[in-house]
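What follows is a short report on a single structure.
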Amino acid sequence: MSQPARTVVGIDVGGTRKGFHAVALRDNTFERTSDPDPAVIVEWCLTQNATVVAVDAPCVWSREGSSRKAERDLRLFGEKLHCFATPRRERAKTNKKGFYGWVFNGERLYQQLQKHYPLFIGQRDYKAVCIETFPHAVTCALARQVVSAKHKAKVRREVLQSCGYDVGNLPNIDYVDAALCALAADAFHNNIFQYFGDSEEGFIIVPE
């Protein structure tokens, strides 16, 4: 009897109005969905029988400063990658313009995910797990060089295609980023990954 195909999921996080875009990777093909409700997205992950769920959002807030160790340490091919700096939660709450709204939405997603997918904190102790990743870093890792994020929609599609994936089912950048997250989840499943950060402020996972 043949084994069922492995499935992993990547999720791009937006604000409460935009919600979440999710892509499942199975047999080198992508399936997608979107919803503003994190519980609906998690239920979709479960129906997909996903083993790893990779999320493009900070998994925890900074403990002390204006960024986390993972964000300060993120380097590929000897070059520091620019990425979002996560502040302390208390500081983010004082922002009146809603700049951190998507991070709070990501927090709600992680809360729902961890009922079924424990967060990776340095050891792979669970059959099903969720991880944090970063699409720009995934793109650079797959391209085997640091690429510009200026024309990300075009570049990221080209990188996915160069890896043999059909991007026809990814109509916008949110789904493209979710697909890149799914590739990070697949690399994690296959033990072909590197990580930045620590157990207190979270890890960012990138394909090796």
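On the given criteria, is GLN123 without any contact (Cβ under 8 Å) to a residue 40 or more places away in the chain and under 16 Å from PHE193 (Cα atoms)?
Answer is yes for this residue.
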Task: Near pairs, Cβ below 6 angstrom, 6+ apart or cross-chain, from the range 181-208 (charged (D, E, K, R)) to any residue that is open to solvent by less than 20 Å² (accessible area, probe 1.4 Å) - done: ASP186/VAL8; ASP186/LEU25; GLU201/ARG68
Task: Condition broken by ALA179, with the remaining ones in (1) aliphatic (A, V, I, L, M); (2) closer than 23 Å to LYS80 by Cα; (3) at pLDDT 95 or above; (4) part of a helix (DSSP H, G or I) satisfied - done: (2)
Task: Hits in the range 97-156 (condition: among the basic types (Lys, Arg) and either farther than 25 Å from ASN191 by Cβ or at pLDDT 95 or above (or both)) - done: LYS97, ARG108, LYS115, ARG144, LYS150, LYS152, LYS154, ARG156
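Let's see how each residue does on (1) modelled with pLDDT under 95; (2) more than 18 Å from THR7 (Cβ to Cβ); (3) open to solvent by 30 Å² or more (accessible area, probe 1.4 Å):
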{"position": "SER34", "(1), (2), (3)": "no, no, yes"}
{"position": "THR51", "(1), (2), (3)": "no, no, yes"}
{"position": "VAL60", "(1), (2), (3)": "no, yes, yes"}
{"position": "SER67", "(1), (2), (3)": "no, yes, no"}
{"position": "ALA70", "(1), (2), (3)": "no, yes, no"}
- [ ] Note down all Cβ pairs under 6 Å where the first residue falls in the range 11-35 and is farther than 16 Å from GLY101 by Cα, the second is open to solvent by 70 Å² or more (accessible area, probe 1.4 Å) and part of a strand (DSSP E or B), and they're at least six residues apart or on different chains.
- [x] VAL23/ARG32; ALA24/GLU31
TODO: Look through the range 144-165, keep the residues that are outside any helix (DSSP H, G or I) and more than 21 Å from PHE77 (Cα to Cα), and return whichever of them is least open to solvent (accessible area, probe 1.4 Å).
DONE: TYR165
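Test of understanding: among GLU107, GLU132, which residue is within 12 Å of the chain's Cα centre (by Cα), among the acidic types (Asp, Glu) and farther than 17 Å from ALA24 by Cβ? Lay out the reasoning, then the answer.
Working: GLU107 fails: within 12 Å of the chain's Cα centre (by Cα).
Going through GLU107, GLU132 in turn, just one is within 12 Å of the chain's Cα centre (by Cα), among the acidic types (Asp, Glu) and farther than 17 Å from ALA24 by Cβ: GLU132.
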Open item on the list: Take ILE121 and tell me if it is aliphatic (A, V, I, L, M) and either open to solvent by less than 30 Å² (accessible area, probe 1.4 Å) or touching a strand residue (DSSP E or B) at 6+ places or on another chain (Cβ under 8 Å) (or both).
Closed with: yes
Task: Any hit, the range 79-92, residues being surrounded by fewer than 18 Cβ atoms within 10 Å (Cβ to Cβ), hydroxyl-bearing (Ser, Thr, Tyr) and in contact with a Pro (Cβ under 8 Å, 6 or more places away or on another chain) - done: no
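For the condition open to solvent by less than 40 Å² (accessible area, probe 1.4 Å), out of contact with any Pro (no Cβ under 7 Å at 6 or more places or on another chain), of a type in the set (D, E, K, R) and within 23 Å of GLU31 (Cβ to Cβ), what is the one hit in ASP177, ASP186? Working first, answer last.
Numbers: ASP177 fails: out of contact with any Pro (no Cβ under 7 Å at 6 or more places or on another chain).
That would be ASP186, the only listed residue that is open to solvent by less than 40 Å² (accessible area, probe 1.4 Å), out of contact with any Pro (no Cβ under 7 Å at 6 or more places or on another chain), of a type in the set (D, E, K, R) and within 23 Å of GLU31 (Cβ to Cβ).
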Open item on the list: Out of GLY168, GLY197, I need the residue that is farther than 19 Å from GLY14 by Cα, part of a loop (DSSP other than H, G, I, E, B), more than 13 Å from the chain's Cα centre (by Cα) and not hydrophobic (A, V, I, L, M, F, W, C). Which one?
Closed with: GLY168
Task: Given (1) under 24 Å from ARG124 (Cβ atoms); (2) among the β-branched types (Val, Ile, Thr); (3) open to solvent by 40 Å² or more (accessible area, probe 1.4 Å), number of the condition THR29 does not satisfy - done: (1)
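The values are calculated or read from the model by the stated rules, or taken from the named source; none is laboratory data. Nothing here was measured: the structure is a model prediction, and the numbers come from that model. Note that we place each Cβ from the backbone using ideal geometry, even for glycine, and neighbour counts take in every protein chain shown. To get the accessible areas, we keep the full protein, side chains included, count just its heavy atoms, and leave off ligands, DNA and RNA. Shrake-Rupley method; radii C 1.70, N 1.55, O 1.52, S 1.80 Å.
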